[in-house]
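A quick write-up on the structure given underneath.
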Amino acid sequence: MKKSTILVLLIVFLGSVLVVGIFGLRAVPYEKIVYVQEIRPTSVVTKSANAQELEIKIDPNGYYVLVPYEEGLEVLINYELTPADCTNKDIKITIVQPDKNPPAIITDRNTIVFTRKGAIHLQYSAQDSASGPTMDFWIYPYN
């Protein structure tokens, strides 16, 4: 090897040692994305004068609950996400009704207020990916 090649390699080596010595080696951590795999209801509670926790039932189409109807019925549906440490916990709740006038409205994240008596179909969708999991939930008021 020529002296000039060895000299260039030595300068590059010393320069890299100097740069690493000043700035150090920094590991750049990346945030692991954990997607929602399942949405499951944990409890359903009526928020009326005679508040009660209701039994959640399962059928092949999803989850459902029977609720004693009264004027101004409010139903609070609590749910959990699996895994619990998922990165994006945003859930979209949609009323799935064939008619344009559903019997209830969603007032906040998980409270449903009935404006009239009638069954309602809710769909909970994870917003962390396009093909995220969904949960179908029906509420059947009765007298």
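Report whether or not I58 is open to solvent by 60 Å² or more (accessible area, probe 1.4 Å), farther than 30 Å from V75 by Cβ and free of Cβ contacts under 8 Å to residues at least 24 places away in the same chain.
Numbers: open to solvent by 60 Å² or more (accessible area, probe 1.4 Å): yes; farther than 30 Å from V75 by Cβ: no; free of Cβ contacts under 8 Å to residues at least 24 places away in the same chain: yes.
Against the criterion (open to solvent by 60 Å² or more (accessible area, probe 1.4 Å), farther than 30 Å from V75 by Cβ and free of Cβ contacts under 8 Å to residues at least 24 places away in the same chain), I58 does not qualify.
When you scan region 78-95, do you find a residue that is over 26 Å from S129 (Cα atoms) and in contact with a Leu (Cβ under 9 Å, 6 or more places away or on another chain), even just one?
First, the residues of region 78-95 that are over 26 Å from S129 (Cα atoms): none.
Taking every residue of region 78-95 in turn, none turns out to be over 26 Å from S129 (Cα atoms) and in contact with a Leu (Cβ under 9 Å, 6 or more places away or on another chain).
Can you find even one residue in region 36-48 that is part of a loop (DSSP other than H, G, I, E, B), β-branched (V, I, T) and surrounded by 14 or more Cβ atoms within 10 Å (Cβ to Cβ)? Show your work before the answer.
Step one: list which residues in region 36-48 are part of a loop (DSSP other than H, G, I, E, B), which gives 36-37, 47-48.
Narrowing the set further to residues that are β-branched (V, I, T) leaves 36.
Now drop any that are not surrounded by 14 or more Cβ atoms within 10 Å (Cβ to Cβ), which leaves 36.
Checked against the condition, which is being part of a loop (DSSP other than H, G, I, E, B), β-branched (V, I, T) and surrounded by 14 or more Cβ atoms within 10 Å (Cβ to Cβ), region 36-48 yields at least one hit.
Of the numbered conditions (1) part of a loop (DSSP other than H, G, I, E, B); (2) surrounded by 10 or more Cβ atoms within 10 Å (Cβ to Cβ), P29 satisfies every one except a single condition; which is it?
Checking P29 against (1) part of a loop (DSSP other than H, G, I, E, B); (2) surrounded by 10 or more Cβ atoms within 10 Å (Cβ to Cβ), the one that fails is (2).
Would you confirm, using the coordinates I've provided, whether T111 is under 14 Å from I39 (Cα atoms) and touching a residue at least 40 places away in the same chain (Cβ under 8 Å)?
Working: under 14 Å from I39 (Cα atoms): no; touching a residue at least 40 places away in the same chain (Cβ under 8 Å): yes.
It is false that T111 is under 14 Å from I39 (Cα atoms) and touching a residue at least 40 places away in the same chain (Cβ under 8 Å).
Just a yes or no: is a residue in region 76-89 charged (D, E, K, R), more than 23 Å from Y140 (Cα to Cα), out of contact with any Pro (no Cβ under 9 Å at 6 or more places or on another chain) and in contact (Cβ under 8 Å) with a residue 24 or more places away in the chain?
Step one: filter region 76-89 for residues charged (D, E, K, R), giving 80, 85, 89.
Okay, now just the ones that are also more than 23 Å from Y140 (Cα to Cα), so 85, 89.
Narrowing the set further to residues that are out of contact with any Pro (no Cβ under 9 Å at 6 or more places or on another chain) leaves 85, 89.
Filter once more, so that each one left must be in contact (Cβ under 8 Å) with a residue 24 or more places away in the chain: 85, 89.
The answer is yes, given that some residue of region 76-89 is charged (D, E, K, R), more than 23 Å from Y140 (Cα to Cα), out of contact with any Pro (no Cβ under 9 Å at 6 or more places or on another chain) and in contact (Cβ under 8 Å) with a residue 24 or more places away in the chain.
Sort out for me the strands (runs of 3 or more DSSP E) sitting completely within region 81-143 that have 3 or more residues that are open to solvent by less than 80 Å² (accessible area, probe 1.4 Å). Steps first, answer last, please.
Details: elements: 91-95, 104-106, 111-114, 120-126, 134-142.
Strands (runs of 3 or more DSSP E) meeting the threshold: 91-95, 111-114, 120-126, 134-142.
Please indicate, with yes or no, whether at least one residue in region 31-45 is hydroxyl-bearing (S, T, Y) and in contact with a Cys (Cβ under 7 Å, 6 or more places away or on another chain). Don't jump to the end; show me each part of the working.
The initial filter retains those residues of region 31-45 that are hydroxyl-bearing (S, T, Y), namely 35, 42-43.
With in contact with a Cys (Cβ under 7 Å, 6 or more places away or on another chain) added as a condition, the list becomes 35.
Yes - at least one qualifying residue is present in region 31-45.
Which of the residues spanning region 112-137 are among the hydroxyl-bearing types (S, T, Y) and modelled with pLDDT under 90?
In the first step, residues of region 112-137 are kept if they are among the hydroxyl-bearing types (S, T, Y); the result is 115, 124-125, 129, 131, 134.
Across region 112-137, the qualifying residues are S129, S131.
The values are calculated or read from the model by the stated rules, or taken from the named source; none is laboratory data. Everything quoted here is computed from the prediction, not taken from an experiment. Here Cβ is always computed from backbone atoms with ideal geometry, including for glycine, and neighbour counts include all displayed protein chains. Keep in mind that these areas ignore ligands, DNA and RNA; they rest on the heavy atoms of the full protein, side chains included. Shrake-Rupley method; radii C 1.70, N 1.55, O 1.52, S 1.80 Å.
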